[in-house]
């Protein structure tokens, strides 16, 4: 399960985003992707909060999470850099909002998309 999550948590999202020609579109789409449940092959459930909790007690899981986090944050940084927004703090802020929002929304059932897309739009306004 962990290997499948690690693969899907990055590659399936990037594959969907990379069909869009413009980095602005890709970044804005992230907010919408954050609101979608995990794919059917993963049981149709958002497993990420549970996997992150598991990683607090298991070093193998923590290492898998760290690899996914690094790939995702690197992808964000690359998309922002294509727009001339090369401050690495921007990618870190967006990713932290994604991770924290996912956890928060898994607890209260709210939609993470509006907050994340608003944050992305604010950062893109700096372009």
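The values are calculated or read from the model by the stated rules, or taken from the named source; none is laboratory data. Nothing here was measured: the structure is a model prediction, and the numbers come from that model. Positions of Cβ are generated from backbone atoms using ideal geometry, with glycine treated the same way; all protein chains shown enter the neighbour counts.
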Residues located in region 83-111, provided they are surrounded by 14 or more Cβ atoms within 10 Å (Cβ to Cβ) and in contact (Cβ under 8 Å) with a residue 40 or more places away in the chain = 83, 85, 94, 98, 99, 101, 102, 103, 106
Could you grab me the full set of residues in region 83-93 that are in a helix (DSSP H, G or I) and modelled with pLDDT under 95?
-> 88
Counting only residues that are assigned to a helix (DSSP H, G or I) and under 12 Å from the mean Cα position of the chain (by Cα), which one in region 29-48 is modelled with the lowest pLDDT?
-> 34
